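Colleague: I am attaching a structure below and will ask some questions about it afterwards.
Each value in this text was obtained by applying a stated rule to the coordinates, not by laboratory testing. Model, not experiment: these values are computed from the prediction. When we count neighbours, we look across all protein chains shown, and the Cβ atoms used for this are built from the backbone with ideal geometry, even at glycine.
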Amino acid sequence: MNILVIGSGGREHALVWKLAKSEKVEKMYCAPGNAGIAGLAECVPIAATDIAALAAFAKEKKIDLTVVGPESSLVAGIVDLFEAEGLAIFGPNRQAAQLEGSKVFAKKFLAKYGIPSAAFEVFTEAESAREYVRKNPRPLVVKADGLAAGKGVFVCAGQGEALAAIDQIMVEKAFGAAGNEIIIEECLSGEEASFLAFTDGETVLPLPSSQDHKAIYDGDRGPNTGGMGAYSPAPVVSEELTKKIMDSVMLPTVRGLRQEGIVYRGVLYAGLMINGNDIQVLEFNCRFGDPETQPLLMRLRGDLAEIMLATRAGRLKDARLDIDPRPAVCVVMSEEGYPGHYESGRKIKGLKRAAKMPGVVVFHAGTKQADDGIVTAGGRVLGVTARGKTLPEAIDAAYGAARAIRWPGAYYRRDIGAKALRRLVAGLPPKVLVIMGSDSDLPVMRAAADFCKTMAVPCAMTVASAHRTPKQAAKLAKDAARQGIKVIIAGAGMAAHLAGVIAAHTDLPVIGVPLDASSLHGLDALLSTVQMPPGVPVATMGIGKAGAKNAAVFACRMLALSEPGLAARLAAYRDDMAREVAEKAARLAASLDE
Ligand code: AMP
C-alpha cells in the first residue's frame, strides 16, 4: 500500500512511525512533514489545507490510503473531496467534523441527545452576551464557535475576564469569523482526561485513556498551548468510568449522529472533565490528539493500517485493539516564549543519544533539516516519548531522554504525569521510611511525608523507640533495604538516639530530625543526633518541622540522582519557591507604595 499522511506535527510523526511498521505499507508520503518524518516517509511541500493539491497528489502517486492529522483539513472538507474523487481517506467528512468545527453545533447536539456537558447559552451579539455575564456573577467559560487553534476558549474567574473575552472574540474579532457566535457555559471543576476511539459509525473501539497538559507552565499555570505533554493510561479514568464514558458519551454520540443522518468514520476524541464519578464532555475533536497520540500509538500493538481500513469499510465489529499494558509518557520540548513569540532555526543537539535510550522514541514536531543538522522550526519542537514497566519508570525514561537533548532556549514542563503519580503513589512500595520515636511526634514529622507526597515519592511512616522498643527499631532498620526502602528519616526528641541506633543497623542513608520535646527545646535531641561516631553517619537536619521537611527534600534529592522524573519535579519545586518569594516582594513593594 502507498500511504499519505497529512500534517507536520508530533502526532503525524507518531502516525507515520506506527504506519511504517505495517507489513501492508510499501511507500509512505507525508505532506508537509518535518525533519523527523523525513527519515520514514517522503515529505512533499503541500499545505494541510490545500485539499485540491493533496487530492491531485494522491491520484498521481496512486495513494491507497490517506490519513488526516489536523482538524483544519477535515473541516475544510478533505474527506468529501477525496471520496468524490474515489480516493480512500481516513477521517470523518465535513458534516461529521462539525462536532469539532462548531462548538455551537456540538453543544446543541450534546443537549439534544442528553450527553452530559456544562449548561450553556449561545450568543450572536456582544451586548446580549455581556448582559448575561452581568446577570450571572460566577465563574464562566466563554468560547468562540469555530476553530481557533485551541485559543478560542477563555476560562474566566470573574465578570471582568468574561467581558474582556466577549470583546476579544466578538468585537475585536481575534479569531475572525470563528467568533461570529459564542458559547457561554458553566465552569466545571475536576480533572481532565482524553478519551479516543475508532468508530465506523456503528461500532466504537476505544483506545486507552490518556491525559494532556494544556497549560505552558508547571502546575497547569499560564496560557494554554497545543499541549505540553501527555501520558496513557490516565488513572483518573477507572475501569468503571471507562464503561460509563462508553455508555453515556461515546455510543450515544455515534448513535445520535446517525439519527442526524451523519455516519462518523474515523477517530472520535472526547475531552472530558471528571469529578469523582461524574463525567462531562468539554469538547469533541474529530481526529487524533496531539500529543496524546504519541503515547497512545506507542501502546498500540497491532497494525494501524489494518484498523484504519476496517474503520473505513465499516468492519470494526470484528476488530480488536491489542494494547501494551505498559504506560507511556510524552514530554513536549518547546521553544522558550511559546505559545507567544519565539525564535526558530536553533540547532538541536543530543537527538541521536536520546533516541538510543531504551523504550524512548523522539517524535519531531517543529523541526527542519538544515545544512549542519536538525534545527528548530516551530513552537512545539519535539515530543520525547517513552514506555516503562510502570508509570514512574516511563516518566523517568522520558525525562532522562529530554535531559539529553539541548538547544539554547529549549523549554519543557517538569511535571508531566505528576498528577497521575500522585493518584498511584499510595499503592506503590515505599522508598522513604519515616520513623518517629513516639506518635506525639506525628504533627511535626508529617511535614516529611507531605513533601514526599507532593513529589509523588512513596513514603511510609511508623513509630519505634530506640530505648523502649530497641529490638523493633533494629528490625525496622535491618529489613528496610530488602523491602525497597532507599532512605530512612528518623525523628525523635529528648536525648533520643533513634537516628543513631537506626544507622547502626543499616547501610541505607539515615537522616535524623531532632524534635523539641523537653525543657531543652530540642537541643538535647540535636546534640545526640549530630555527634555520631566515625563510620556511622547520620545526616542531621534542623530542629522541628522545617527539619522534617528538609529531611524529605534531602531524601528526594538522593533518589533524584537516579530518577530523572523526580529531578525534574524538584527543579519545578525550586522555581515555585523562587516565584513565591518574588510575589511576596512585589506585594510588599506595592503595599509600601500605597
Ligand atoms: P475546549 O477546547 O472546549 O476543550 O476547551 C479548552 C480547555 O478549556 C479545556 O481543556 C478545559 O481546560 C477548559 N474548559 C473548557 N470548557 C470548560 C468548562 N466548562 N469548565 C472548565 N474548564 C473548561
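Colleague: Can you tell me the FRET efficiency between Arg255 and Arg138 if r is taken as the Cβ-Cβ distance and R0 is 22 Å, rounded to the nearest 0.05?
Modeller: Between Arg255 and Arg138 the formula returns 0.05.
Colleague: Compute the convex hull volume of the Cα atoms of segment 112-170, divide it by the residue count, and report the result per residue in Å³ as a whole number.
Modeller: With only Cα atoms used, segment 112-170 gives 105 Å³ per residue.
Colleague: Compute the relative contact order of the chain as a whole-number percentage, counting only Cα pairs closer than 8 Å that sit 6 or more residues apart in sequence.
Modeller: Relative contact order, the chain: 10 percent.
Colleague: If each residue's Cβ is checked for other Cβ atoms within 10 Å, how do Tyr217, Tyr399 rank with the fewest at the top?
Modeller: Tyr217, Tyr399
Colleague: What percent of all Cα-Cα pairs in segment 239-323 falls into each 5 Å bin, going from 0 up to the bin containing the maximum distance?
Modeller: Each 5 Å bin holds this share of Cα pairs: 3, 11, 18, 25, 24, 15, 4, 0.
Colleague: In sequence order, what are the phi-derived ³J(HN,Hα) couplings for segment 63-75 according to the Karplus relation 6.51 cos²θ - 1.76 cosθ + 1.60 with θ = phi - 60°, rounded to whole Hz, with x for glycine and proline?
Modeller: Each residue of segment 63-75 in turn: 6, 8, 8, 9, 10, 9, x, x, 5, 4, 5, 5, 5 Hz.
Colleague: Computed over the Cα atoms of segment 301-454, what is the ratio Rg over Rh, Rh following Kirkwood?
Modeller: 1.12
Colleague: Using only alpha-carbon positions, what ratio does the radius of gyration of the chain give when scaled by 2.2 N^0.38 Å?
Modeller: 1.10
Colleague: Same structure, new question: What net charge do the residues around Gln472 carry, taking every other residue with its C-beta under 15 Å from that of Gln472, with Lys and Arg at +1 and Asp and Glu at -1?
Modeller: +2
Colleague: Are there cysteines in the chain with no other Cys C-beta under 4.7 Å, and if so, which?
Modeller: Within the chain, the cysteines lacking a partner Cβ under 4.7 Å are Cys30, Cys43, Cys156, Cys187, Cys286, Cys330, Cys556.
Colleague: Taking the Cα centre of segment 173-215 as origin, sum charge times position over the Cβ atoms of Lys and Arg (+1) and Asp and Glu (-1), and report the length of that vector in debye to the nearest 20.
Modeller: In debye, rounded to 20, segment 173-215 gives about 240.
Colleague: Here's a follow-up. If you take every residue apart from Val501 with its C-beta less than 14 Å away from the C-beta of Val501, what net charge results, scoring Lys and Arg +1 and Asp and Glu -1? Can you show the working numbers first?
Modeller: Values: positive: Arg468, Lys471, Lys475, Lys478; negative: none.
Surrounding charge for Val501 is +4.
Colleague: Between Ala546 and Ala585, what length in nm is gained on full extension when 0.36 nm per residue of separation is reduced by their alpha carbon distance?
Modeller: Gain on extension, Ala546 to Ala585, equals 11.9 nm.
Colleague: From zero up to wherever the largest Cα-Cα distance of segment 190-244 sits, split into 10 Å bins and tell me the percent of pairs in each.
Modeller: Histogram of Cα-Cα distances, whole percents per bin: 22, 43, 27, 8.
Colleague: Also, quick follow-up: Extent of segment 425-496 along each principal axis, from alpha carbon coordinates, in Å, largest to smallest?
Modeller: 32, 28, 15
Colleague: Dipole of the chain, Cα-centred, from +1 at each Lys and Arg C-beta and -1 at each Asp and Glu C-beta, to the nearest 20 debye?
Modeller: Approximately 1700 debye in magnitude.
Colleague: Measure nothing fancy, just the Cα-based angle from helix 391-404's long axis to the longest principal axis of the chain, in degrees from 0 to 90, nearest 10.
Modeller: Approximately 80 degrees, to the nearest ten.
Colleague: Listed here are the pairs Lys18/Lys244; Lys349/Lys453; Lys352/Lys419; Lys431/Lys475; Lys24/Lys62; which of them are more than 23 Å apart at the Cα? If you can, show how the numbers build up before the last one.
Modeller: Details: Lys18/Lys244 29 Å; Lys349/Lys453 34 Å; Lys352/Lys419 30 Å; Lys431/Lys475 17 Å; Lys24/Lys62 15 Å.
From Lys18/Lys244; Lys349/Lys453; Lys352/Lys419; Lys431/Lys475; Lys24/Lys62, over 23 Å: Lys18/Lys244; Lys349/Lys453; Lys352/Lys419.
Colleague: Once you wrap a convex hull around the alpha carbon atoms of segment 407-452, what is its projected area averaged over all directions, in nm²?
Modeller: Values: hull surface 21.2 nm².
Here the figure is 5.3 nm², rounded to one decimal.
Colleague: Report, in whole Å, the centroid distance computed from the Cα atoms of segment 472-493 and segment 64-136.
Modeller: 58 Å
Colleague: Have a look at Ala111, Gln95, Asn224 and report the one farthest towards the positive end of the charge dipole of the chain, computed about the Cα centre with Cβ charges (Lys/Arg +1, Asp/Glu -1).
Modeller: The Cα lying farthest towards the positive end belongs to Asn224.
Colleague: Straight distance only, please: which lysines reach the Cα of Lys108 with their own Cα at less than 16 Å, same-chain residues fewer than 8 apart left out?
Modeller: Lys143
Colleague: Along the charge dipole of the chain, pointing to its positive end and built from +1/-1 on Cβ of Lys, Arg, Asp and Glu, which listed residue (Gly190, Ala571, Gly146) has its Cα farthest out?
Modeller: Ala571
Colleague: Now a separate question. Per DSSP helix of 4 or more residues, -39500 (n - 2.57); summed, then divided by the residues of the chain. What does that give at 222 nm, rounded to the nearest 500?
Modeller: Using -39500 (n - 2.57) per qualifying helix, the result is -10500 deg cm²/dmol.
Colleague: Please report the antiparallel percentage of DSSP beta bridges with both residues in the chain, rounded to the nearest 5. Present the calculation step by step, with values, prior to reporting the outcome.
Modeller: Details: 62 of 95 bridges.
The answer is about 65 percent antiparallel.
Colleague: Same structure, new question: Relative to 2.2 N^0.38 Å, what does the C-alpha radius of gyration of segment 307-392 come to as a ratio? Two decimals please.
Modeller: 1.46
Colleague: Give the residue from Ala586, Ile511, Met273 lying farthest towards the positive end of the charge dipole for the chain; charges sit on Cβ (+1 for Lys and Arg, -1 for Asp and Glu) and the dipole is referred to the Cα centre.
Modeller: The residue sitting most towards the positive pole is Ile511.
Colleague: May I pose another question? Which order results if His521, His341, His13, His364 are arranged by neighbouring Cβ count within 10 Å, fewest first?
Modeller: In increasing order of surrounding Cβ atoms, one gets His341, His521, His364, His13.
Colleague: Under unit Cβ charges (Lys, Arg +1; Asp, Glu -1), what dipole magnitude, rounded to 20 debye, does segment 103-217 have relative to its Cα centre?
Modeller: 140 debye
Colleague: Note down the net charge around Gln95, summing +1 for each Lys or Arg and -1 for each Asp or Glu among other residues with Cβ under 11 Å from its Cβ.
Modeller: Details: positive: Arg94; negative: Asp80, Glu260.
Combined, the nearby Lys, Arg, Asp and Glu give -1.
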